[in-house]
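Read the structure below first, then the notes.
The values are calculated or read from the model by the stated rules, or taken from the named source; none is laboratory data. Note that the structure is a prediction, hence the values are computed from the model and not measured. Only protein heavy atoms, including side chains, enter the accessible area calculation; ligands, DNA and RNA are left aside. Shrake-Rupley method; radii C 1.70, N 1.55, O 1.52, S 1.80 Å.
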Amino acid sequence: MPPEPQQRAQRAAAPATSAQRRPAPGPARTTQDKQVRTAPDKQLRAAQGKQTRGATNQQVGARTAGSGTSDFERLMQRNTVDARTLAQRARRRKNPMAGKIALGLAIVSAAVDASAFAVFMGGDTTFAFGICFVVVFLTLIAAVLGFVAAVGSFGRWYGAIGVVLAFFANPVILIVLLVVVAPEALTSM
């Protein structure tokens with residue numbers, strides 16, 4: 001005997017247990033019976049799914065970056081990409097070696113420029129000019145590498161200091177500064 005409509009409405013309003021959700025073997029049900037039974041089940045499953053997903057996201061969010069889960073597992077659990085985590089990892093992985101190399105090249109070019117000046121004062125102008133050509137290219141490499149390091153955070157401060165030092169170690173810049181600041185010093189040379 002089919003249940004009365006009032007009993008069906010009470011069953012639909014009450015939360016269904018796992019035993020009630022399974023269809024019981026028996027006589028064929030009408031489409032109206034199926035609609036009444038499945039609507040609350042769908043709502044209940046959707047609510048349970050949201051609760052489960054929320055708890056999973058909280059558990060995953062509570063984990064630290066070095067907890068041992070791989071990136072793929074984390075993406076599959078969260079079903080999204082966390083840009084903050086990726087940015088933190090990218091920030092950590094950047095190596096300051098480019099800035100250090102730029103600073104080192106700038107120091108070397110300043111030392112070689114000083115030696116070229118000493119050779120020039122000694123009277124060997126041809127050799128001094130040859131050294132100056134080498135120093136010009138060294139300072140250009142140091143300045144470009146330092147600029148890339150400063151902009152790309154690959155040793156930002158090393159790169160910035162390297163750019164400034166390479167600028168002032170460049171023989172062309174030194175000659176221009178000498179002409180502007182003390183032109184009488186050039187006449188005595």
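I'd like the accessible area for Val181: 1.4 Å probe, protein heavy atoms, all chains in place, Å² to the nearest 10.
Accessible surface of Val181 is approximately 110 Å².
Leaving ligands and nucleic acids out of the surface, order Arg84, Arg78 by accessible area at 1.4 Å, largest first.
My answer, sorted largest first, is Arg84, Arg78.
Per 5 Å bin, what percent of the C-alpha pairs of the stretch 138-177 does each bin hold, from zero upward?
In order of increasing distance, the bins hold 7, 31, 28, 18, 9, 6, 1 percent.
Keeping all protein chains in position, work out how much accessible area Val108 exposes to a 1.4 Å probe, and write it in Å² to the nearest 10.
The accessible area comes out at roughly 70 Å².
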